[in-house]
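For reference, the structure discussed in these notes is given below.
Here, each number is a calculation from the coordinates, and none is a lab measurement. Please read these numbers as outputs of a predicted model, since none were measured by experiment. Cβ: placed from backbone, ideal geometry, glycine included. Neighbour counts: every protein chain shown.
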Amino acid sequence: MSKISPIQAQALGLKAAAPKPTATKPAAKAGVVSKPAATKAVAKPVAAKPAAAKPANSVVKSAKKVVKKDNKDDDKKPKSDKVKMERDSFTMPKDEYAQIALLKARLTSMGQPAKKSELLRAGIKLLAAMSDNTLKTTLAKIPVIKTGRPNKKD
């Protein structure tokens, strides 16, 4: 557990631990010459900020969080594999693109709103479930279009 300040200990009704004495340098041995202090790099003193006193309940809450984290480590469940997503862009005729809006409105009126990507994924599932002959005849009904981005109109 982390150390608490004397103010926090007082708020919790605990005895504050006495501050540890700082270590002193051992006396220099006789006959040993030390470097002069002027050659050592002098560190600028950093002003210590006084710790803000926290209410007692926050200390207790933080202790509970530590306990909860420890329990989670013991009860680790294997992570489920995330489905990797793929972004893509494509071109389609405006009348077929308008069908997406009509299908979305139709599903919303039936109480089952859907997104554009959900409609496209449902169509892929239906195509994948078709027999080879049915798939071939269905795709024969789809006109081939020029792929790529349309030219900019000036």
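Structure data summary
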item: Zone residues, region 117-154, relative to Met110, backbone N less than 20 Å from point 7 Å out along Cα-to-Cβ; result: 117-130
item: Per-residue HN-Hα couplings for region 128-143 [Karplus 6.51, -1.76, 1.60; θ = phi - 60°; Hz; x = Gly/Pro]; result: 5, 7, 6, 6, 4, 5, 5, 4, 5, 5, 5, 5, 5, 7, 8, x
item: Simple label model, 7 Å out from Cα along Cβ direction - Ala128 to Leu102, nm; result: 2.7 nm
item: Pairs from Lys84/Lys146; Lys79/Lys136; Lys115/Lys146; Lys82/Lys152; Lys79/Lys115; Lys116/Lys153 whose Cα-Cα separation, in the structure shown, is over 32 Å; result: Lys79/Lys136; Lys82/Lys152
item: Additional length obtainable on full extension of the chain from Asp95 to Leu120, 0.36 nm per residue less Cα span; result: 7.5 nm
item: Residue exposure sequence - Ser5, Ser131 - by fewest surrounding Cβ within 10 Å; result: Ser131, Ser5
